[in-house]
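Everything on this sheet refers to the single structure shown next.
Nothing in this text is a laboratory measurement; each read-out follows from the coordinates by a stated rule. Being a predicted model, the structure only gives us computed values, none of them experimental. A quick note on method: Cβ atoms are made from the backbone with ideal geometry, for glycine too, and the neighbour counts reach across all protein chains shown.
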Amino acid sequence: MKNLYIVANWKENKSLRETNEWINAFVISDIDLTNKQVIVCPPFTLLGFLKSKIVEKNLPVKIGAQDISRLEEGSYTGEISARQAKDYADFVIIGHSERRTNFGEDEGVISEKLEMANKAGLNSILCVSSLDQISNQKSFILNSGGDITIAYEPLSAIGSGNPDTPKNADDMAKKIKEELGSIKVLYGGSVSFENVNSFTLMPNIDGVLVGHESLDPLEFSKIVKNA
Ligand code: PGA
């Protein structure tokens, strides 16, 4: 049985009160998690609170940040370093298409962030929408010695309710593995509890990155269950 990552990406959503409600309603104690690792990536403001709740409730959930600074700590107003994120998180999402598009993150910035994550001991979840984006980071990934997971997210599938076909997603995951060797490849883009296992049953897909449907704790627990 392969090991799956089921990753929630909350994006720019949720207050403290809403996070408290989410965590109280997120019940996974009846789910067999033998081969499933749940990872929740809230905004930076919620990392500490979510971590304390996970510890208090003894939940088998790991925390991820959604981004980190490309720079070491210092005079960079508004930034959060990899080392600071590591106080709370084991994972970090890097190069999400929303950051590439809305915040001008190019391949240079993405490699700097991958390097920062690596140095701080954060496991990177590198989001890509094409094989070109893999080629750009290939030498770093192969030489990093760090723990990097790829999330393949076709642009047309993100937030559209129109997921890729499992066959296409699996073909892409296979090509990524041919390029990079042994690496986990997740699928992301309009994953729901109804379609999640059509992806996780594919031979080359090692989990899912879930945006919108992770905001509702009941929907997300059904995704964890069905994966
Ligand atoms: P979505 O987002 O599940 O809302 O399509 C996925 C993502 O952007 O990671």
Over the chain, relative contact order from alpha-carbon pairs under 8 Å, at least 6 apart, %
22 percent
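Per residue of the chain, what 222 nm ellipticity follows from adding -39500 (n - 2.57) for every DSSP H run with n ≥ 4, rounded to the nearest 500?
Working: 9 runs with 90 residues, N = 227.
Calculated from helices alone, the mean residue ellipticity at 222 nm is -11500 deg cm²/dmol.
Please go through region 20-116 and write out the GluC sites (Glu not before Pro) that DSSP classes as loop and that have at most 16 other C-beta atoms within 10 Å. The partial results should precede the final answer.
On the way: sites: Glu21, Glu56, Glu72, Glu73, Glu79, Glu98, Glu105, Glu107, Glu112, Glu115; in loops: Glu72, Glu73, Glu79, Glu105.
The qualifying sites are Glu72, Glu73, Glu79.
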log₁₀ of I(q)/I(0) at q = 0.09, 0.10, 0.12, 0.18 Å⁻¹ - region 92-211, Debye sum with one point per alpha carbon:
-0.22, -0.27, -0.39, -0.89
Tell me the chymotrypsin sites (Phe, Trp or Tyr not before Pro) within region 163-216 that lie in a loop according to DSSP and have at most 13 other beta-carbon atoms within 10 Å.
none
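Any idea what diffusion coefficient the chain gets from Stokes-Einstein, in µm²/s, Kirkwood Rh on alpha carbon pairs, 10 °C, 1.306 mPa s?
Numbers: Rh = 17.5 Å.
Value of D from the Cα-based Kirkwood radius: 91 µm²/s.
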Highest GNM mean-square fluctuation among Asn24, Asn143, Asn13, for the chain with Cα springs under 10 Å, belongs to Asn143
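Pull out the extension gain between Lys167 and Glu12, defined as 0.36 nm times the separation in residues minus the alpha carbon to alpha carbon distance; nm, one decimal. Could the numbers behind the result be given before it?
Numbers: separation 155, 0.36 × 155 = 55.80 nm, distance 3.06 nm.
Between Lys167 and Glu12, full extension yields 52.7 nm more.
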Per its Cα gyration tensor (rounded if a/c is under 1.5, else prolate when a/b beats b/c, else oblate), region 1-68 is best filed as oblate
Spin-label model distance (nm) - Glu115 vs Ser139, 7 Å beyond Cα toward Cβ:
1.2 nm
Expected output is a single nm value to one decimal: the length gained when fully extending between Asp106 and Ile54, i.e. 0.36 nm times separation in residues minus the C-alpha distance. What is it?
15.3 nm
Please work out the FRET efficiency for the pair Lys174 and Asp216, using the Cβ-Cβ distance as r and a Förster radius of 35 Å; give the result to the nearest 0.05.
0.65
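Using the Cα centre as the reference, give the magnitude of the dipole from point charges on the C-beta atoms of the chain (Lys, Arg: +1; Asp, Glu: -1; all else neutral), rounded to the nearest 20 debye. Can you show the working numbers first?
Working: 24 positive and 31 negative charges, 92 e Å.
Result for the chain is approximately 440 debye, rounded to the nearest 20.
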Output for region 47-107 (equivalent-ellipsoid semi-axes, sqrt of 5λ from the C-alpha gyration tensor, Å, descending) is 25, 15, 8
Between Ser139, Phe220, Tyr152, whose Cα lies farthest towards the positive end of the dipole of the chain when Lys and Arg beta carbons carry +1 and Asp and Glu beta carbons carry -1, centred on the Cα centre?
Phe220
Give me, ordered by chain and number, the residues 5 or more places off Lys62 or on other chains with an amide H under 5 Å from its own placed amide H.
Val38, Ile39, Val40
